[in-house]
Amino acid sequence: MAAERVVIVTGAGGYGVGGGVCDALAEHGTRLVLNDVDATGLARAAARHPEALIHHGDLTAPDAGQRLIDSAVERFGSAPR
């Protein structure tokens, strides 16, 4: 069932909780949408999870969250849940 899930992870570029969450979800086949404001950290996460949708940006910006969800739907065919 996890392989059918699409999950957005914010702060995905860090070495702490965000990075650990990405790794744990990926182990179960979850499709990932990774977001971070830190481009360098996000590039590291992208290298660890090449199948993930990568989104660099600040989710506090107007409409940024909706654009992220729209991108996930376009890529994976379903909304993150």
Sole miss for TYR15 among (1) among the hydroxyl-bearing types (Ser, Thr, Tyr); (2) touching a residue at least 40 places away in the same chain (Cβ under 8 Å); (3) loosely packed, with under 15 Cβ neighbours inside 10 Å is condition (2)
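In segment 1-58, how many are hydrophobic (A, V, I, L, M, F, W, C) and over 14 Å from PHE76 (Cα atoms)?
To start, the set of residues in segment 1-58 that are hydrophobic (A, V, I, L, M, F, W, C) comprises 1-3, 6-9, 12, 17, 21-22, 24-26, 32-34, 37, 39, 42-43, 45-47, 52-54.
Those still in the list that are over 14 Å from PHE76 (Cα atoms) too: 1, 9, 12, 17, 21-22, 24-26, 37, 39, 42-43, 45-47.
Looking only at that region, the number is 16.
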Name the single residue, out of those in segment 26-44 being outside any loop (DSSP other than H, G, I, E, B) and not hydrophobic (A, V, I, L, M, F, W, C), that is surrounded by the most Cβ atoms within 10 Å (Cβ to Cβ). ASP36
Across (1) among the hydrophobic types (A, V, I, L, M, F, W, C); (2) in contact (Cβ under 8 Å) with a residue 40 or more places away in the chain; (3) part of a loop (DSSP other than H, G, I, E, B), ALA61 clears everything bar (2)
Could you grab me the full set of residues in segment 41-81 that are of a type in the set (Val, Ile, Thr) and within 13 Å of the chain's Cα centre (by Cα)? ILE54, ILE69, VAL73
Boolean, ALA47 is surrounded by 13 or more Cβ atoms within 10 Å (Cβ to Cβ) and out of contact with any helix residue (DSSP H, G or I) (no Cβ under 6 Å at 6 or more places or on another chain): no
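So is ASP23 at pLDDT 90 or above, in contact with a helix residue (DSSP H, G or I) (Cβ under 8 Å, 6 or more places away or on another chain) and in a helix (DSSP H, G or I) or not? Show your work before the answer.
On the way: at pLDDT 90 or above: yes; in contact with a helix residue (DSSP H, G or I) (Cβ under 8 Å, 6 or more places away or on another chain): yes; in a helix (DSSP H, G or I): yes.
It is true that ASP23 is at pLDDT 90 or above, in contact with a helix residue (DSSP H, G or I) (Cβ under 8 Å, 6 or more places away or on another chain) and in a helix (DSSP H, G or I).
Give me the residue from segment 51-63 that is among the small types (Gly, Ala, Ser) and farther than 16 Å from VAL7 by Cα and, out of that set, surrounded by the most Cβ atoms within 10 Å (Cβ to Cβ). Can you show your working first?
At the first step, the residues of segment 51-63 found to be among the small types (Gly, Ala, Ser) are 52, 57, 61.
Adding the requirement that they be farther than 16 Å from VAL7 by Cα leaves 57, 61.
On the way: GLY57: 15, ALA61: 10.
Filtering segment 51-63 for residues that are among the small types (Gly, Ala, Ser) and farther than 16 Å from VAL7 by Cα, the one surrounded by the most Cβ atoms within 10 Å (Cβ to Cβ) comes out as GLY57.
The values are calculated or read from the model by the stated rules, or taken from the named source; none is laboratory data. Everything numeric here is computed off the predicted structure, so don't read it as measured data. In this analysis, Cβ positions are derived from the backbone assuming ideal geometry, glycine residues included, and neighbour counts consider all displayed protein chains.
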